[in-house]
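Have a look at the structure below, then the notes.
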Amino acid sequence: MRLELTHGFVGARPGYPFPLHILEAITSVEEVDSFEGYPDKWLSSSQDVFQQPDLPLFRVMAANLKGGPDSQGRASIIQVRSAHCLLEGSDAALLTRSQTANHGIQSDKGATAVRVRTGERVWWDFHDWGASDDIPAVVGQYPEPFLHGIGGRKLPTRVECVDVKDPACDEVQGDLVDFGLPASKGQVGSSFVQDTLRILVGPWVAVREDNTAGLIAKGPGTSGVYVKPSADGRFFALLDQRGRVTRTLGPGTGLIAATAAKDDRGDPVWVVTGTDEAGVQAAAGALDEGALNGKFAVVISGGKPIGVPEAR
């Protein structure tokens, strides 16, 4: 385990085991008749993890079968609820909520109710509810959902560009074609196609006119994207897990993000955008599995990808 387990709380004694009173405070054990409904019965906002600064930022929950092992040989089930920083370090945002996602799309079901098919990816997420309790879509499982679709539905992909002759438009389409995806290309808003995964490419001032993409301008509470564009679209404010501005970036800044309308759980819309043409090109160049892996959304500045929310 990382050093943060023994270093990251008031009164910690690095190098020494946890004393008994701390172990008792962070551990709970219950006796149950069956494991039906577990571990979903334990799902919560996990705010208790942060309420006591003199305790480590994780909790351990266990359930033991009263009659011993069941027919499958299971006698106990254990869940560890942890702040994200313990598992990925101080460069990751503090995350406290647990939610499953399939191919980067937030699930509306508990983990035990989701059928996982061969080749599919599952994201188990803990995030702070301070700015948003809902992250409808993320980019961190690229090339999903384009490769295998959503919930067993493999959907066609359409790259919609502000300027179809823009090199960034060709680059995004080319990246998808390299994965064996027959991605079509067209003008932003030129047609309405149901059951299609869309990637919008172009400067933010133009891309934001799309109803779904425009949700990003309303902040993470609406879109799940921890970036707040300025009114004129020339600047991107990067936010931390509480929705506070960490820094503001201007010309040449790119953004790769995904969101979806929360009311009807529509298919996600991705944006490869920027504060200007240079920013759009930077974003198109960063549409890469390595750059996006594990990120909610990515801002590109100086040729480097920055995951958001950003740690303070």
Practice item. Could you tell me which of the pairs Lys154/Lys218; Lys165/Lys262; Lys165/Lys218; Lys218/Lys295; Lys262/Lys304; Lys154/Lys295 are separated by over 28 angstrom between their Cα atoms in the structure shown? Key: Lys154/Lys218; Lys165/Lys262; Lys165/Lys218; Lys262/Lys304
Review point. Given H placed on each backbone N at 1.01 Å, which residues far from Leu200 in sequence or on other chains put an amide H within less than 5 Å of it?
Key: Glu160, Trp270, Val271, Val272
Point to revise | Charge sum, other residues only, whose C-beta stays under 14 Å from Leu176's C-beta, Lys/Arg counted +1 and Asp/Glu -1 | key: -4
Review point. Quick one: which of 267-280, 176-189 comes out on top by average Cβ neighbours within 10 Å, and what's the full order, highest first?
Key: 267-280, 176-189
Check your understanding: Can you list the HN-Hα couplings for segment 38-43, worked out from phi with the Karplus curve (6.51, -1.76, 1.60; θ = phi - 60°), rounded to whole Hz and with x for Gly and Pro?
Key -> 8, x, 4, 4, 8, 4
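FYI, it's all coordinate maths here, none of it is from the lab. Computed from a predicted structure; not experimentally measured. In this analysis, Cβ positions are derived from the backbone assuming ideal geometry, glycine residues included, and neighbour counts consider all displayed protein chains.
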